[in-house]
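Contents: one structure, followed by commentary.
We did not get these values from a lab; they are worked out from the coordinates using the rules stated. Nothing here was measured: the structure is a model prediction, and the numbers come from that model. Here Cβ is always computed from backbone atoms with ideal geometry, including for glycine, and neighbour counts include all displayed protein chains.
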Amino acid sequence: MQVIEAIKKTKSFVLSLEITPPDKGTSIDELFQTLDGLMQFNPQFINVTYHQPHVVYEEKDGVIYRIPKRKKPGTVGICAAITNRYQVETVPHFICGGFSKYETEDALIDLHYLGIKNILALRGDPAVGERTFIPHKDGHRYASELVRQISNMNKGIYLEELENAQPTNFCIGVAGYPEKHFEAPNFERDLQNLKHKVDQGAHYIITQMFFDFQVFKNFVERAREIGITVPIIPGIKPLTTVRQLSSIPRNFHCTIPHHIVEDMENARTKEEARKIGIKKVVELCQQLLDYKCPGLHIYTMGKGQSTADLLKALFG
Ligand code: FAD
């Protein structure tokens, strides 16, 4: 089922879980163990992230070579394996970085043949080892261009003219940033760029993680004011350690409210801090569900136990 259909059909909300492929050379079993423990919560969708290769520079005979090394391959294979094992829909993340638009088209055809109906279309983070995002010379600079390419394929428009070309039928999600994307000059401009992605054919938005309900509410209201009408699904990250209070803002460019920081820092033990973190995020989810948001998207980041604790506290 498409995410957008599921949102239209549900009387409550849609639950999606985001997972990351294992490192190259390691087994998929650990990922399955994580999901085995989470399937009791009946997620409708499992999102699988995609990662640009790490870039390393190596010298040989006095010449420096730029060598991309993919550390977490396997997104599409993992999607197929998950659907096969759990009969649940998967949503592969699809990025601009590292691909020409021709390679993108071929990869989209693979997904179409596999029966995958949903894609989260992203620009992607800069490759590890590079400071800024560098597009492929024949690729896309912004996610909106990728959305347009997928949208065109949904209309049967491919890069070359094909007779009787079959349209694909992808439901397209995109990323939104309640606290602004870190590269955008301001919130308004970032929101306009988000609207552009929707105008190019995105069907729904999943947000970056945030920890304050008012931040999400303000984001939704401002998005509606400028004419973004598609569903906006909040992205949720379970908080479990005091260390995350600095690593999350650093890595994801979002803030954590003072009451959460203080309560977690004042905890006497790691276990107490963990309980407080989970409780605060449960409260946030309850506010979001009362607000009738269309779904919850949980960033598991391979931490099945914290996601399970969060979902158990929320739904029993
Ligand atoms: P874009 O929408 O292209 O925006 C990037 C920046 O460009 C923004 O500042 C925007 O305001 C600006 N911009 C957009 N259009 C224009 C324009 N026309 N002119 C000028 N500026 C413009 N990363 C991964 O590598 N793999 C993943 O699997 C992954 N999954 C994610 C899932 C979610 C739910 C989220 C929220 C993020 C995810 N990311 C992932 C991170 C994401 O790729 C980064 O945040 C990236 O820096 C931006 O991606 P985007 O798709 O939002 O880019």
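Below is a table of values for the structure above.
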{"read-out": "Computed [θ] at 222 nm, helices only, for the chain once each DSSP H run of length n ≥ 4 contributes -39500 (n - 2.57)", "value": "-13000 deg cm²/dmol"}
{"read-out": "For the stretch 48-169, convex hull of alpha carbons as volume per residue, Å³", "value": "119"}
{"read-out": "The chain, Rg to Rh (Cα coordinates; Rh as Kirkwood inverse mean 1/r)", "value": "0.96"}
{"read-out": "In order through the stretch 180-193: 3J(HN,Hα) via Karplus (6.51 cos²θ - 1.76 cosθ + 1.60), integer Hz, x for Gly, Pro", "value": "6, 5, 4, 8, 6, x, 7, 4, 4, 5, 5, 5, 4, 5"}
{"read-out": "Cα-based helix-to-principal-axis angle, 213-225 vs the chain, degrees rounded to 10", "value": "40"}
{"read-out": "Amide proton proximity set for GLY295, modelled H, under 5 Å, gap of 5+", "value": "VAL14"}
{"read-out": "Under 28 Å from the Cα of LYS180 - lysines, other chains or at least 8 residues apart", "value": "LYS8, LYS72, LYS101, LYS137, LYS195, LYS197, LYS217, LYS237, LYS279, LYS280, LYS292, LYS303"}
{"read-out": "With Cα atoms, 0 to 90° folded angle of helix 270-290 axis to the chain main axis", "value": "70"}
{"read-out": "Likely footprinting exposure, ASP110, ASP199, ASP61, fewest C-beta neighbours within 10 Å first", "value": "ASP61, ASP110, ASP199"}
{"read-out": "Candidate lysines - alpha carbon under 22 Å from LYS60, same-chain residues fewer than 8 apart omitted", "value": "LYS69"}
{"read-out": "Radius, Kirkwood style, for the stretch 153-277 when every pair of distinct Cα atoms is counted (Å)", "value": "16.9"}
{"read-out": "Cut-off under 5 Å, modelled amide H: who pairs with CYS96 long-range", "value": "LEU122, ARG123, GLY124"}
